[in-house]
Every structure is written in C-alpha cells, then in structure tokens.
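Read the structure below first, then the notes.
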Amino acid sequence: MRSTSKSNCFLVAVCIAASILVLAARSPAMGHGSRHPIVKEEQKFIRTHTIQPNDPQTLGGPYEMADHTGRVVTDKTFRGSWVLYFFGYTSCREACPLGLEHITRALEAMGADADRIQPVFVDIGMEAPDRKGIAQFLSNFHPRLIGLAGTRAQTFEIVRLYKIRREYMATNYSKKEFGPRIDHTSYFFLADPQGNTRGYFHHALPPEQMAAFIRKHL
C-alpha cells in the first residue's frame, strides 16, 4: 500500500509540474512579443523615479591631508586656483591610469589656460600613506599633479565630503594587479578659486571634451 501511495504521489507531482510548464509557455510573460504587467509597472517606476545626480554645490568642504612631499594641505591651500580633484589608489589598473592620462592630455591641449588649473590626486586606499609610491605613480602623468594622502579619519572625511563610493572587491581580475582591488567613484571634480565645486565629469570622457568642460567654467 505504501508503494502504491508513493507512486500516486509521484504521478501527481509530475502532472502538476507539467501543468505549470504548459501554463508558463502560454503566459504572456514568457513571450518575446509581449510584456508582463509587472514588467510594465517596473518600467513605469524607473521612468518616474530616476536618480538625480548630486548638485555640485553640495560636494566638497574643509579637509586636511598631506601631499606626496609631506606638506600639510587643506582646502584653503589651493584658494585662488581652479582645482581638479580625482580619487583613486596607486595600484589601480583601470579607471585611475585612464582618467589621469586623459586629464593630462586635456590640460596639454588647453595650453596657457592649464596654468590656472591645479590637478590633485587623492589616495583613498586607507593604508598608511606611501608618499614615495604616490609620487612614483603620478610621475607617469601631468608634471603638476599633486598627490594627497592622510590618516584613515582624514581620508574618510574627504570621501564623505565628495560622496565618493569605495568598496573592496573580493578578487583581482588581472595578474598585473597587486594589493586590494577597490571599486570606486571615478569622477573629476572641478572646484573654483573660492573652493566651491562647480561641476564633475567621468574619467573616461575624451580629453578634448574634458578640456571643453573645464574651459566652459573658467
């Protein structure tokens, strides 16, 4: 009797599964030419609840760090000059080298106007500051680049001020990488001579477009 009962249960389960598959195949959600009501609702939500970018004026503020020579630097150090802030880490092998190469070419294309711009690289690695390593890393790019690093508290503060996202990744994706891999915000932030953030742009923007963006604000 137990064997017969088990067989009946198995047959019932098979029939239910087959019915589900048939209904799923007939359902509009499974067809490429139609849309499920839930999908439509999700798309409506995306259209009406778009994420608004940060207002540049809300980014930045007072900070204190040290540059790659050991000099104490604050947000007031650069008053009187336009400043380009970029956040990253020296063992980065993707966004940081590409962004710094692009901004180097953009500043070179700007000619004399570039003298009004101070490019700044902020190390967000949260490790003990390696000023020699930062200087060596930046030597591959624009000669006027200044590297900033600080204590964990100082780094957390400037990251908070500019709303920089940073997240340690579980693995490295390239054999050329060394140290931890950090997924981070890769925007350049342009601050005016009074220290107010006037705009920001993506690190992968072509150099000529970077130059045009900066010139528009000068």
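Each reported figure results from applying straightforward, stated rules to the coordinates on display, with no laboratory input. Predicted model only: the values in this text are computed from it and were never measured. Don't worry about glycine lacking a Cβ; one is built from the backbone with ideal geometry, like all the others, and counts go over all protein chains shown.
Annotations for the structure displayed:
- For Q118, distant residues with modelled amide H under 5 Å away: W82, V83, L84
- Distance in nm between pseudo-label sites at E101 and L218 (7 Å out along the Cβ direction from Cα): 2.5 nm
- Sequence-distant residues sharing a close amide H with G147 (under 5 Å, placed H): H68, F121
- Derived scalar couplings ³J(HN,Hα) [region 148-160; Karplus, 6.51 cos²θ - 1.76 cosθ + 1.60; whole Hz; x for Gly, Pro]: 10, 8, x, 5, 4, 5, 5, 5, 4, 5, 6, 5, 5
- Applied to region 190-202, the Karplus parametrisation 6.51 cos²θ - 1.76 cosθ + 1.60 on θ = phi - 60° returns per-residue 3J(HN,Hα) values of 9, 10, 7, x, 8, x, 8, 6, 9, x, 8, 8, 6 Hz, with x for Gly and Pro.
- Simple label model, 7 Å out from Cα along Cβ direction - R71 to D130, nm: 2.4 nm
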